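Heads up: the structure comes next, in structure tokens.
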Amino acid sequence: MTDSGILKKYLGRKLTVMLIPHGGSSPFHINLSLALLLFGVVSWSALTVWSGVIISRHIDYWRVKADEQVLKVRVWYFSQEIRRSQESLNRVREAEVALQNLLNMKTRNAIIESDKGIGGPSLTDQKLLTATMTHPGTMDVDLASAQLESARAETRRILENFQEISRYIQSQRDLFHSTPRNWPTLGRLTSRFGLRRDPTDEDGEEFHKGIDIASAKGTPVTATADGIVRIASYQGGYGRLVVIDHGHGFRTCYAHNSRILVKPGDIVKRGQVIALMGTSGHSTGYHLHYEVWKNGQVVNPLRFVQTN
């Protein structure tokens, strides 16, 4: 017998499948050929494989769709972040320009080193932003992320510039309040700064370290700048003397008072009454002797009392 005959005879064999239900029912008998059984097994396997392939394709499709949606969300997010960052950066730049124009200055380092512009968005930045808004799906997320970080870095730079400007303004404000200004009292100028005839010796000369302002006894004497009282007591030829330390190297002296209204350690403001005019100490009449010191050297007080 040939091999094909043997296979045909083998596949033609009958198989009996018996189903025995619970209870008293009679069992069922199903007669199947081995060939039919093998066909069923092969068909079921093929159907299972085919179904798996179809399901896998659908899963890949929905995965791609999900990734596409995630990408769109990321693109939308970056678009919004870039737009907000650009708007914020533009407002900050406008404020920076306004401050610099107001102060007629740039950053402290720029003043010292060179004249530098503040920059702005490049043509590439503008094209990328335009593409982002018109064709969101084509955005390069990495490039957008880099641009966003660049905008944030520029914002941080401008904020640092603001801090420098703020420190400069504060320094200038402190200097303004520490610089002697205006007349320390009302009256007439009777003696100027520099060489003069000694009022107590007609044949002698002396270097007058301040100016003398004469008026009636008890005329208020005011501080010419903010500061801290260092001396408020009787000091020999100066009589009743008040010395104020203003910082930034400035000190002022108010001599020959009839009464002192402050004490050492007091914080005083420009225009505050600190004493009353008198003729104490080495004096020939009611007047205020007023001195200005800068970095340990006397300077002409008229440079400051005549400041507008």
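Read the figures in this text as sums done on the coordinates, not as results from a lab. Owing to the predicted nature of the structure, the values given are computational and were not obtained by experimental measurement. Using ideal geometry, Cβ is built from the backbone for each residue, glycine included, and neighbour counts are taken over all protein chains shown.
With a 10 Å Cβ neighbour count serving as the proxy for reagent exposure, in which order, fewest first, do Y290, Y168, Y238, Y254 appear?
Details: Y290 25, Y168 15, Y238 22, Y254 29.
Going from sparsest to densest Cβ surroundings: Y168, Y238, Y290, Y254.
In whole Hz and in residue order, list the ³J(HN,Hα) couplings for the stretch 241-256 that follow from phi through the Karplus curve 6.51 cos²θ - 1.76 cosθ + 1.60, θ = phi - 60°; x for Gly and Pro.
Values per residue, Gly and Pro as x: 10, 10, 10, 10, 9, 9, x, 6, x, 9, 9, 10, 10, 10, 10, 6 Hz.
Apply the Karplus parameterisation 6.51 cos²θ - 1.76 cosθ + 1.60, with θ equal to phi minus 60°, to every residue of the stretch 180-193 and state each ³J(HN,Hα) to the nearest whole Hz, in sequence, with x for glycine and proline.
x, 9, 6, 7, x, 7, 8, x, 10, 6, 10, 7, 9, 6
Arrange the following residues from fewest to most other Cβ atoms within 10 Å of their Cβ: S191, S166.
Going from least to most buried by this count: S166, S191.
What is the extension gain from K294 to E87, computed as 0.36 nm multiplied by their sequence separation minus the C-alpha to C-alpha distance, in nm to one decimal?
Fully extending the segment from K294 to E87 adds 69.7 nm.
What list do you get for K209, K72 if you sort them by fewest beta carbons within 10 Å?
Ranking K209, K72 by Cβ neighbours within 10 Å, fewest first, gives K72, K209.
Counting other Cβ atoms within 10 Å, keep those with at most 13, restrict to DSSP loop, and tell me which GluC sites (Glu not before Pro) in the stretch 185-269 are left.
Qualifying residues, ordered by number: E202.
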